[in-house]
Every structure is written in structure tokens, then in C-alpha cells.
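These notes are about the structure you will find just below.
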Amino acid sequence: MMHRFLEAGGRQWPLRYTVNSVCCLEERFQKALHSLLCTDAASVRALLWCGLIHHDAALTPEDAGRILDQVLEEGRSLADVAALCADALADAGFFRPAEGR
């Protein structure tokens, strides 16, 4: 499996999306994954948090927000992070069509 990393604050944050992390995301925010594939701040923060908790379950959505603040301070955008998260989700197999289609 290819791993993607978000660089922020001089650190590389590994993104990994699992069924459990996506379920946590959907349960916590009461939204389906596809409805969070947006570039508004709340959705990007939620997607980032979901990708980070596999490696550090203690991280909160607020921690993910602080990482996003670093990204913005470094001149990148929320759309950049949303695209990275979407790519990592695709790598993990969340957007594969059903076999035989």
C-alpha cells in the first residue's frame, strides 16, 4: 500500500484511512464519507483527522485544525489538503467500483 504524507510544521504526518477510521468519522460527524469530500474548513479538518488517527488515536479534530493552520501559514490551501486526503482514500480502496461493473 502506498502511503501519503502531509507536510506541515516541519513534520511529515502519515495519512492512513481504514474502515474503522472512516466509521469513526461518519459516526462522530454524522455524515457519510462522500458528503465530506469538500473544501470547506470543517470537512477538510474532519477528513484530515480521520487519516491521522490510525497512527495516533489520541489526536482530536482540534489537533487536526492546528495542523491545518500550519499548512495555511506555509502558503498552501485547504483544497490542497482535501486533494491529498482524497488521493489517500482512493489508495486505500474507498472509491473502487464493485467487481463486475
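What follows is calculated from the coordinates using simple rules that are stated; it is not laboratory data. These numbers were taken from a predicted model, which means no experiment stands behind them. So basically every Cβ, Gly included, is an ideal-geometry build from the backbone, and we count neighbours across all protein chains shown.
Side notes on the structure shown:
- Any hit, segment 71-84, residues being in contact with a Lys or Arg (Cβ under 9 Å, 6 or more places away or on another chain) and loosely packed, with under 12 Cβ neighbours inside 10 Å: no
- So Arg66, is it out of contact with any Leu (no Cβ under 8 Å at 6 or more places or on another chain) and over 17 Å from Arg4 (Cβ atoms): yes
- Residues satisfying the stated conditions in segment 36-60, i.e. free of Cβ contacts under 8 Å to residues at least 24 places away in the same chain and part of a helix (DSSP H, G or I): Leu36, Ala42, Arg45, Ala46
- The set of residues from segment 69-101 being in contact (Cβ under 8 Å) with a residue 40 or more places away in the chain, part of a helix (DSSP H, G or I), more than 19 Å from Val22 (Cβ to Cβ) and not small (Gly, Ala, Ser) comprises Gln70, Val71.
- Output for segment 1-25, where each listed residue is out of contact with any helix residue (DSSP H, G or I) (no Cβ under 7 Å at 6 or more places or on another chain), among the small types (Gly, Ala, Ser) and in a helix (DSSP H, G or I): none
- Per this entry, Cys50 is not counted among residues that are farther than 22 Å from Met2 by Cα and surrounded by 13 or more Cβ atoms within 10 Å (Cβ to Cβ).
- Output for segment 16-53, where each listed residue is under 17 Å from Glu74 (Cβ atoms) and among the aliphatic types (A, V, I, L, M): Ala41, Val44, Leu48
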